[in-house]
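All remarks here apply to the structure that follows.
The values are calculated or read from the model by the stated rules, or taken from the named source; none is laboratory data. It should be emphasised that the depicted structure is a prediction, and the values quoted were computed from it without experimental measurement. A quick note on method: Cβ atoms are made from the backbone with ideal geometry, for glycine too, and the neighbour counts reach across all protein chains shown. Ligands, DNA and RNA are stripped out before the accessible areas are found, and what is left, the full protein with its side chains, is counted by its heavy atoms. Shrake-Rupley method; radii C 1.70, N 1.55, O 1.52, S 1.80 Å.
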Amino acid sequence: MTASHLLVPVPIPDRVAALIGACTPSHILEAEFDADCAAREVRRFRGPRLGIEDQADREQALSELAWANKVLSARHPQLAVRPNSAW
């Protein structure tokens with residue numbers, strides 16, 4: 001019996017990733033890429049004091065993340081990306 005939180009992520013070879021990507025619709029791959037980029041942007045704008053432009057940029061990144069997560073969740077609920085996740 002293994003606990004899922006104790007599993008170590010193992011990188012997959014590029015050829016396997018290419019095969020997985022070939023089986024996935026292109027709009028899902030684009031949404032996954034957009035969600036990852038938006039989550040990285042949201043993580044950039046942290047802190048107690050953000051300027052007005054930084055707040056606007058953070059809100060824009062959050063809206064892009066929400067849009068991409070909507071597309072990903074329509075495919076499978078566990079594909080959604082969180083802004084503070086380690087992945």
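The table below lists the values:
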quantity	calculated
The listed residue being open to solvent by less than 100 Å² (accessible area, probe 1.4 Å) and at pLDDT 90 or above, out of LEU50, LEU19, LEU79, LEU72	LEU72
Residue selected from segment 22-47 under the condition of a type in the set (Lys, Arg) and within 19 Å of ALA80 (Cβ to Cβ), by the criterion most open to solvent (accessible area, probe 1.4 Å)	ARG40
Positions within segment 37-56 being part of a loop (DSSP other than H, G, I, E, B) and either polar (S, T, N, Q) or farther than 22 Å from ALA68 by Cβ (or both), in sequence order	GLY47, PRO48, ARG49, LEU50, GLY51
